[in-house]
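Working notes for the structure below.
A short reminder: the numbers here are calculations on the coordinates, not readings from a lab. Everything numeric here is computed off the predicted structure, so don't read it as measured data. Using ideal geometry, Cβ is built from the backbone for each residue, glycine included, and neighbour counts are taken over all protein chains shown.
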Amino acid sequence: MASSDITRLRSNIQGLNILDALRSVNRDVGIHQLRLATGKRINNAGDDPAGLTIATKLEQRSNNLATVLDNLGEAKNLIGVAEGGLEKLKDVLSEMSSKVLHAASDSIGTSERQAISSQLSQLTAEINNIATDTSFNGVSLLSSAVSFTFQTGEASQTAFASSSYLATSLAMTSMAALTAGGVINSSNYSTYLAEITAATSTVLSGLTTIGSLVNRFTVKEDVISVSIANTQAAYSRIMDADVAMEQMQLTRSQILQQTSTAMLAQSNVNSQGLLALFR
């Protein structure tokens, strides 16, 4: 800051010093008001170049993690559709097993056994319908082997492969060939029951795989949710304004603004004392 001498009149050094201080205070007032208006500590690159770089990367990572979290939810929806189809298949196979055991007993006659065969034939057709109709976004999940790759991390993926659960794929050859006129009795029931038991094991294996994958995705969701919260906290620490602190600084700057303005006015009249030398 330049030294002033009020006996030298051509330049008001004291006034210039005060004017410089006033401009600095005015700049501070503008900065604090802008931060309070936007809620952001960094409103342009000049406020904190390094902080802006770090915060931008944190914001990008937070957005990426949010997208991954959405991916996990959609993947669970897809898997949930497949799970629902397998649950229905399990129920149908359970009913078929009961019907075969009923037909094996000689307490019923030929006409009753034929009625059971007719029902089993329809249930076999329903297995095919369930496998064909279980789909997600136009992709059949249970009628053929389909591989899916889910983006479940910023740099990691999770694979899921579905299988075919058509009656022929479940090796239900005899059951698929059963007609309404066919008869299941105490002599041949074991063939049909073995096919149903094997098919049930295949379906349960598929449910186990799906259940394990859903559990993995749930854990991933929890981890990513925590990561998003911490990343947002780090971003906020850099980018967001401390409103209480900014208000305090604004009040201080506004007081200095008023005193600087008053002193600038005073500096303009200080040199008038020299006029007494000419009286």
Taking the Cα centroid of segment 187-253 and of segment 65-135, what is the distance between the two, rounded to the nearest whole Å? 29
On alpha carbon coordinates alone, what is the Rg over Rh value for segment 51-237, Rh being the Kirkwood radius? 1.23
Asp240's amide H: which non-local residues (gap 5+, or another chain) put their own amide H closer than 5 Å, with H modeled 1.01 Å from N in plane and none for Pro or chain starts? Arg41
Whole-Hz ³J(HN,Hα) from phi, Karplus 6.51 cos²θ - 1.76 cosθ + 1.60, for segment 62-67, glycine and proline x: 4, 5, 4, 5, 5, 5
How high is the relative contact order of segment 51-237? Use alpha-carbon pairs under 8 Å, at least six apart in sequence, and give a whole percent. 33
Among trypsin sites (Lys or Arg not before Pro) in segment 5-78, those in a DSSP loop whose Cβ has at most 12 other Cβ atoms within 10 Å are Arg8, Arg10
For His32, His102, which order do you get if you count the other beta carbons within 10 Å of each Cβ and list the fewest first? His102, His32
So for segment 145-198, considering every pair of alpha-carbon atoms, how many percent are separated by more than 16 Å? 60
Here, segment 55-133 modelled as identical Cα point scatterers in vacuum has Debye log10 I(q)/I(0) at q = 0.11, 0.20 Å⁻¹ of -0.51, -0.88
Counting only DSSP beta bridges fully inside segment 51-237, the antiparallel percentage to nearest 5 is 100
With N set to the residue count of segment 126-270, report its C-alpha Rg divided by 2.2 N^0.38 Å to two decimal places. 2.39
Residue order, fewest to most beta carbons within 10 Å, for Ile108, Ile116, Ile196: Ile108, Ile116, Ile196
